[in-house]
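One structure below.
What follows is calculated from the coordinates using simple rules that are stated; it is not laboratory data. Predicted, not measured: the structure shown is a model, and the values here were computed from it. Please note: Cβ atoms are built from the backbone with ideal geometry, for glycine as well, and neighbour counts cover all protein chains shown.
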Amino acid sequence: MYYWLLSFFIGFLVIGDITSSIPIEYQRQESDLNQRAIQTARYINEINDWRYNNPAQTEGTISDNTLGWVPVPGLHHVLQANRVFVYQDNQPGLISALQAQTHNSALIGTVINRRLIDYSGNDMQVAVPAHIANGQLVYLN
């Protein structure tokens, strides 16, 4: 009788431990994605603020030191044809996090064959610079 109670109790402990760790891992991943979305939005804002005071630069890149920005690994930008392309490797959930952070901005897309494709799968009619690879996430301004 006691063995049955003991095994029942151990079973509850094991199952309870497994199910409680799943939401924590999910929350950590969601937190990481939200943090990355915040960093992306702040980065493009820093670039836009700098460009407001320096309108002559319409091509190339601006060093993070010039912007006063602490570099974030994997987050890049380029200016082309007076547009800012902030780009990074895409990962599951990042587009949704960035959409939430930017209040569903229409300026977020994924690169497919050097074209920018929006969240709904529509071609945004924007050709991206050659060095931005297929599959990368782009926040455009």
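Summing charges over neighbours of Ala130, with a neighbour being any other residue whose Cβ is under 13 Å away from its Cβ, gives +2 when K and R count +1 and D and E count -1.
Tally Lys and Arg at +1 and Asp and Glu at -1 over the other residues with C-beta under 12 Å from the C-beta of Val84: what net charge comes out?
Result for the local shell: -1.
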